[in-house]
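One structure is given below, encoded as structure tokens.
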């Protein structure tokens, strides 16, 4: 089967391409790029006039909840939500129940994804058994089973010696350790950013130093071992400065930021307009939303390459999980379906350029994952036909009750966003096509 995408603006940061062109797909490969490509017989024609055609988005960090918490998300609903958000590949974190801490679990996840998923799912294996931070897992076995890295995400690898051993084992496999940067001795009992808003709401604060101490430690260990370290969901300006200095020294680290840490602040924890509630539990996330100065620093870091890529940290929860007091509500934001629209606000405000945003969602995470047989983050001829088509200007309203994801937990419900996914193609198959949203002002 052939598919011709006609007349779109192709943006492929991996090759410095930004041009009006057609793109021709046959089966699971891109076979042609250029203007005036004839429509093949018995083919699918997609009119991309006035739309952007980019490599398929890659989410380096999400939580699909299966197995163990299928009431929050399943591979079926999570991948469908990903497709709606323009994502063609999802990297699944191992904090399932039980944890993805052995080769058999990873093979099971891959089999489930093959059966129920509509986009690609790549598993990330646990660093320690049960994610308890005590005993290292069979990393080699999990690498053979398809792990693209190792993480205890949701928990930090707090023990220095365990992290050191893990880095050496991962180095032998050529894979990164992906650390959730949190010093639990400093973050304990904290539920939101330590500062003025926490004090005003009477909530226990979580200091920036809890992240920055761990970032600094991991940079030092990466330097000592010459191992690959990927720093997850960076949220503070202090962390950004440590990362910038480390990269200038040539230390082998990469880093990601989330859409929420790039676009909203701790102020979103305050109650929603006209609400009788004291706070908005949908804005409770780990690491917490920070100050405007932190957000500004992270945006600049994404723009200048200090932050390599974006990971949604999609963390779906049930309505009940978010219905408790702020202290007892679950951490996490459901983000696959709103990530792109939220991030486009940075483009429309001229804070980053569109090519940088696309790179951070495509080629940059593909280079970290380093699985060219699965995803490349490029539109080059011969590459896998993973393609996202979007309208950069279409305005729409976030309606969480219309999410495909089981997780309706977003702090930006009812907000208006500008930038809308039109079509998602995975290995040459159209897995999502949208209708224009209906907006009621």
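The values are calculated or read from the model by the stated rules, or taken from the named source; none is laboratory data. Please read all numbers here as calculations on a predicted model, not as lab measurements. All Cβ positions, glycine included, derive from the backbone under ideal geometry; neighbour counts span all protein chains shown.
Here residue 340 clears all of (1) under 27 Å from residue 124 (Cβ atoms); (2) modelled with pLDDT of 95 or more; (3) not in a helix (DSSP H, G or I) except the condition numbered (3). Counted as qualifying within the range 156-257 are the strands (runs of 3 or more DSSP E) with 2 or more residues that are farther than 22 Å from residue 133 by Cβ, namely 253-257. Read through the list (1) part of a loop (DSSP other than H, G, I, E, B); (2) in contact with a helix residue (DSSP H, G or I) (Cβ under 7 Å, 6 or more places away or on another chain), then give the number of the only condition that residue 67 fails. Condition (2) is where residue 67 drops out.
Can you go through 125, 78, 86 and tell me which one is in the same structural domain as residue 175 (by TED's automatic domain parsing), surrounded by 24 or more Cβ atoms within 10 Å (Cβ to Cβ) and under 23 Å from residue 13 (Cα atoms)? Exactly one of 125, 78, 86 is in the same structural domain as residue 175 (by TED's automatic domain parsing), surrounded by 24 or more Cβ atoms within 10 Å (Cβ to Cβ) and under 23 Å from residue 13 (Cα atoms), namely 86. When you look at residue 271, is it surrounded by 23 or more Cβ atoms within 10 Å (Cβ to Cβ) and in the same structural domain as residue 240 (by TED's automatic domain parsing), yes or no? So residue 271 fails the test. In this structure, residue 211 does not qualify as crowded, with 20+ Cβ neighbours inside 10 Å and free of Cβ contacts under 8 Å to residues at least 24 places away in the same chain.
Residues checked against (1) under 22 Å from residue 260 (Cβ atoms); (2) outside the structural domain of residue 6 (by TED's automatic domain parsing); (3) not in a loop (DSSP other than H, G, I, E, B):
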residue: 396; (1), (2), (3): yes, no, yes
residue: 404; (1), (2), (3): yes, no, no
residue: 407; (1), (2), (3): yes, no, no
residue: 413; (1), (2), (3): yes, no, no
residue: 417; (1), (2), (3): yes, no, yes
residue: 421; (1), (2), (3): yes, no, yes
residue: 425; (1), (2), (3): no, no, yes
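Screening the candidates 355, 360 for the property of being part of a helix (DSSP H, G or I), under 24 Å from residue 78 (Cβ atoms) and touching a residue at least 40 places away in the same chain (Cβ under 8 Å) yields one hit, 360. Quick check on the range 337-347. Is at least one of its residues touching a strand residue (DSSP E or B) at 6+ places or on another chain (Cβ under 8 Å), assigned by TED's automatic domain parsing to the domain that holds residue 82 and surrounded by fewer than 21 Cβ atoms within 10 Å (Cβ to Cβ)? Yes, because at least one residue in the range 337-347 is touching a strand residue (DSSP E or B) at 6+ places or on another chain (Cβ under 8 Å), assigned by TED's automatic domain parsing to the domain that holds residue 82 and surrounded by fewer than 21 Cβ atoms within 10 Å (Cβ to Cβ). Against the conditions (1) surrounded by fewer than 24 Cβ atoms within 10 Å (Cβ to Cβ); (2) within 19 Å of the chain's Cα centre (by Cα); (3) under 30 Å from residue 187 (Cβ atoms); (4) not assigned by TED's automatic domain parsing to the domain that holds residue 48, residue 355 satisfies every one except (3).
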